[in-house]
1. Quick check: anything in the stretch 274-285 closer than 22 Å to residue 352 by Cα and assigned to a helix (DSSP H, G or I)?
2. Would the stretch 40-47 turn up any residue that is in contact (Cβ under 8 Å) with a residue 60 or more places away in the chain, within 14 Å of residue 205 (Cβ to Cβ), surrounded by 17 or more Cβ atoms within 10 Å (Cβ to Cβ) and touching a helix residue (DSSP H, G or I) at 6+ places or on another chain (Cβ under 9 Å)?
3. So residue 56 fits all but one of (1) surrounded by fewer than 24 Cβ atoms within 10 Å (Cβ to Cβ); (2) within 26 Å of residue 167 (Cβ to Cβ); (3) in contact with a helix residue (DSSP H, G or I) (Cβ under 7 Å, 6 or more places away or on another chain); what number is the exception?
4. Restricting to the stretch 73-104, count the residues that are assigned to a helix (DSSP H, G or I) and of a type outside the set (Ser, Thr, Tyr).
5. Does residue 113 fit the bill of being touching a residue at least 24 places away in the same chain (Cβ under 8 Å) and either touching a helix residue (DSSP H, G or I) at 6+ places or on another chain (Cβ under 9 Å) or not in a helix (DSSP H, G or I) (or both)?
6. Looking only at the stretch 177-212, count how many residues are surrounded by fewer than 23 Cβ atoms within 10 Å (Cβ to Cβ), touching a Lys or Arg at 6+ places or on another chain (Cβ under 8 Å) and among the hydrophobic types (A, V, I, L, M, F, W, C).
7. Taking the conditions exactly as written (at pLDDT 90 or above and over 30 Å from residue 26 (Cα atoms)), does residue 231 satisfy them or not?
8. Please go through the stretch 54-88 and give me each residue that is without any contact (Cβ under 8 Å) to a residue 40 or more places away in the chain and of a type in the set (Gly, Ala, Ser), ordered by number.
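The values are calculated or read from the model by the stated rules, or taken from the named source; none is laboratory data. What you are looking at is a predicted structure, and each value in this text was computed from that prediction instead of being measured. Cβ placement follows ideal geometry from the backbone for every residue including glycine, while neighbour counts extend to all protein chains displayed.
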Amino acid sequence: MAGLTMGSRMIYLDYAATTPVDAQVIELMNQCLGEDGDFANPSSLHGPGLAARARVEIARGHVAALLGAGSEEIVFTSGATEADNMAIRGGALYQAHRGRHIITSRSEHRAVLDSCKALEKEGFEVTWLSPAEQGRVSVAQLREALRPDTTLVSLMHVNNETGLIQDIQSLGALCREQGVLFHVDAAQSAGKLPIDLGRLPVDLMSFSAHKIYGPKGIGALFVRREPRCNLFPVMFGGGQEQGLRPGTLATHQIAGMGKAFELAATRMQADQARLVGLRQRLWQGLQKIGGVSANGALESCAPNILNVSFQGVEGESLMFGLTGLALSSGSACASSNREPSYVLRALGLDDQAAQASLRFSLGRSTGIEDIDAALAMLEEQLKRLRELAPPWVQ
């Protein structure tokens with residue numbers, strides 16, 4: 001299949017922001033919507049309700065299977081943002097009698113940063129780690145930050161802007177050794193990298209369906225049963241999802257997420273190999289154009305993301321010039337903010353380099369022809385802008 005286009009010209013290279021819903025996912029979701037489908041409230045005890053409940057539990061099983069978790073450890077949420085809030089706030093409040101110190105890094109997703117900032121206003125103390133090499137948090141760095149009153153550490157698996165993969169195995173082992181809860185945002189890694197929560201020393205992990213060809217508005221939080229991880233509820237009413245996420249379950253969205261995770265399990269290895277090849281083609285082509293630098297070592301990044309700084313251009317002008325490409329200058333959640341990426345600045349880039357950076361994220365529909373067309377557009381625009389650029393930009 002040719003690359004995903006919008007209209008006749010647009011090439012979509014923003015899969016880290018969101019993915020299209022897989023056709024098989026749409027088909028299954030439709031079976032849970034109409035009068036003849038499994039539309040009933042999954043909490044109802046009549047036949048239609050039990051049929052809807054069965055859909056939910058099948059989906060829960062598919063999500064758990066991809067992650068090496070138990071079905072009872074999966075709590076459905078409205079997305080990874082809610083899951084992050086539930087994990088950080090719920091974990092911190094439940095452990096508050098033991099201590100009120102939390103650790104995270106400055107390059108986390110806004111859902112994590114803002115959750116921690118909100119807890120600061122309630123008397124918690126947060127240590128904000130500055131990532132070192134290519135955005136990585138080292139075990140030594142985390143060990144130095146840990147204190148007797150530390151109760152929670154939150155670090156993402158794959159950075160949403162650079163694609164950097166954190167060593168959550170080693171970081172989690174340190175947290176487990178110290179009796180500290182370890183939360184991981186895995187919105188960008190689920191379905192793209194192997195995750196085995198039966199082996200990983202992770203207590204809480206957040207997921208989103210729309211990053212792996214499922215619907216928006218649905219996600220999940222892994223809550224470990226052994227050793228038991230307890231959370232203080234941050235929402236109340238109804239008691240659904242083990243009392244952690246009350247409200248009528250959205251059967252169609254949950255079923256869609258389950259199908260997306262089921263599909264990811266069958267094609268992750270093939271997708272990974274193909275995306276690595278496409279990203280390498282893109283990077284080699286950019287190097288031939290010249291005046292580019294990668295923000296992150298590719299061998300340490302997820303296979304679908306390439307973040308690049310362009311020399312001699314102003315980033316916003318480059319974005320406006322690339323009318324045939326749908327891509328991002330950073331996280332879609334911060335796209336309305338024209339300031340340079342806080343993630344790239346945390347990695348040590350100055351404002352000009354951060355502002356002249358773009359994130360390319362590839363997906364299942366990306367083809368070689370899309371990469372080559374994107375490179376041609378980039379070469380044309382970079383040449384034009386560099387010729388127009390004032391000396392202080394060059």
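1. Of the residues in the stretch 274-285, the ones closer than 22 Å to residue 352 by Cα are 283.
In the following step, the residues that additionally are assigned to a helix (DSSP H, G or I) were identified as 283.
Checking the stretch 274-285: at least one residue is closer than 22 Å to residue 352 by Cα and assigned to a helix (DSSP H, G or I).
2. No - not one qualifying residue is present in the stretch 40-47.
3. Here residue 56 clears every test but (2).
4. Residues that pass the stated criteria total 14.
5. no
6. Of the residues in that region, 1 qualify.
7. When the stated conditions are applied, residue 231 passes them.
8. Going through the stretch 54-88, the residues without any contact (Cβ under 8 Å) to a residue 40 or more places away in the chain turn out to be 54, 57, 64, 71.
Those that are without any contact (Cβ under 8 Å) to a residue 40 or more places away in the chain and of a type in the set (Gly, Ala, Ser): 54, 64, 71.
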